[in-house]
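Here is the structure we will look at.
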Amino acid sequence: MNAAVPEPDVRALLARLHTQLRLLIPALTVTEGGRQAEVLLARLRESTNEAARTLSAVEPIVLAAIEQALRHAVAQEHDEARTELLNAYHRLSVLIHREPRREQAAHERTRRWSISDTHPQADTG
């Protein structure tokens, strides 16, 4: 992966793909080839074509995973398509949400939550 944090316009493009994947994966799970999934796949295909140059420069594995997922979808291989889409979604998540760590964050108090207790407990750990 490229070590640089994406620029704002690139980030918007990646966020759009991320959102499309977030919507498409459950649609494929529920409908497996239904009309909604077909529409979402067509939109993802268009967006991927628009973003191909950017993806190949920023995160080529995402581009390869989406292209492979689209081939699986055409072949009605829904499990394989979902697997590739989940891979792309995960990698985009990491890329989009990667931010440099703030220096002062190391000294901030952390709020810890326990399952048995709904009240936050301050922890300096």
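The label point for LEU86 and the one for ALA52, both projected 7 Å from the Cα toward the Cβ, are 2.8 nm apart. If the chain linking HIS97 and LEU23 were pulled fully straight, counting 0.36 nm for each residue of separation and taking away their Cα-Cα distance, it would gain 24.8 nm. Taken about its Cα centre, the stretch 22-75 carries a charge dipole of about 60 debye when Lys and Arg each add +1 at the Cβ and Asp and Glu each add -1 at the Cβ.
Values quoted throughout were computed directly from the atomic coordinates according to the rules given, and no laboratory measurement underlies them. Keep in mind that this is a model prediction, so the values were computed, not measured. When we count neighbours, we look across all protein chains shown, and the Cβ atoms used for this are built from the backbone with ideal geometry, even at glycine.
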